[in-house]
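Just below is one structure, and these are the notes that go with it.
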């Protein structure tokens, strides 16, 4: 950030030092009411709604321009939300007196230290077309935004670890402006869409109504840069303690390949997962004469698809779960392992929404390939969401499962932290 500011200072100094240079020096203030939404999932919708104030300057040396601004001032003073520094550089190409094309690159930073909790940067690249029909001007622009931030995760208040959160979106913004000498009211509407998610994501809208006060009649490209500092909520959905139980008909050497999909990640494993598990398994399920099951944990890059589930009060939870696990096809040992662990580690709550992901739904997140191929495989993750009240949910249909011959079962718990 310091290097960028130094480069800008040198550029400004050069412009002022060169007396033969003709340029526009245009301080501006932009006040608007913005409504934005960049992500929606079952239990979380991250929105930005409220007044926004930006102060900045435009330096225009045809066909180049430089834009410097400080944004989110009202939110920063009122609620101590992030204050953003934004730098934009670009080029304007005029077709005629009424129409022009604009290319722009922008950088935003919330001015926190590197790798500090909440540190946030964003990069924007866009192309726009502007048409002036005095006193109304119209513009349409499209481009991409790449965001990254550093966040600390905590599990039950303990064991913090840091990770970077990345998000890339494409956007389209259309703007109508009433051009006056020193003041320009405007309305901007648009769409943005994450490109690193593959399916079932919404197309969130963007709306801004505001006014820009400026020294010169030179329109700053403020509306699209607002999209840069609408921070994406990181998806904190983790798969905890999936246990894989394996029961061959005789002593068998088994190879298992666990493949994360959609940018999911394996975060832990026992024994170590080195591009797969190659293990010797007895009919009792004992693995390498040492383990009762294969263990791994992971992080999901997006919320799983969930539709059917149960809403269960805390006082009946530990009768309900063993009953449903038995209906699904788990044996008493597997159920006991689940209850012994999660009775202690599940976050306390009055109610729990429980959504089972069964077989194909689990395979969509982590594909499991087993050689030799088993006769029967049961994979179930329980997505458990602690809540304060009972929900009206549609219960899922439980498929029939047979445990004869070579059988593999797996249970795990998804938690949104």
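What follows is calculated from the coordinates using simple rules that are stated; it is not laboratory data. Not measured: the values here are computed from a predicted model. Don't worry about glycine lacking a Cβ; one is built from the backbone with ideal geometry, like all the others, and counts go over all protein chains shown.
Of note:
- Fewest neighbouring Cβ atoms within 10 Å first, the residues 32, 269 line up as 269, 32.
- Nearest-0.05 FRET efficiency for residue 144 and residue 274, computed from C-beta distance (R0 35 Å): 0.45
- Gain in span if fully extended, residue 55 to residue 313, counting 0.36 nm per residue against the direct Cα distance: 87.7 nm
- The label-point distance for residue 187 and residue 64, in a model that sets each label 7 Å from Cα toward Cβ, rounds to 3.8 nm.
- Cα pair count fraction exceeding 24 Å, expressed as % - region 237-416: 36 percent
- Applying 0.36 nm per residue to the separation of residue 327 and residue 368 and subtracting their alpha-carbon distance, the gain on full extension is 12.5 nm.
- Annotation for residue 262 and residue 97: the two label points, set 7 Å from Cα along the Cα-Cβ direction, are 5.5 nm apart.
- Each of 375, 353, 272, 58 was scored by other Cβ atoms within 10 Å of its Cβ. Listed from fewest to most, they are 272, 375, 353, 58.
- Take the Cα of residue 180, step 7 Å toward its Cβ, do the same at residue 391, and the gap between the two points is 4.9 nm.
- As a proxy for reagent exposure, 337, 278 were ordered by neighbouring Cβ count within 10 angstrom, fewest first; the result is 278, 337.
- Computed extension length for residue 344-residue 290: 17.0 nm, one decimal, from 0.36 nm per residue of separation with the Cα-Cα distance subtracted.
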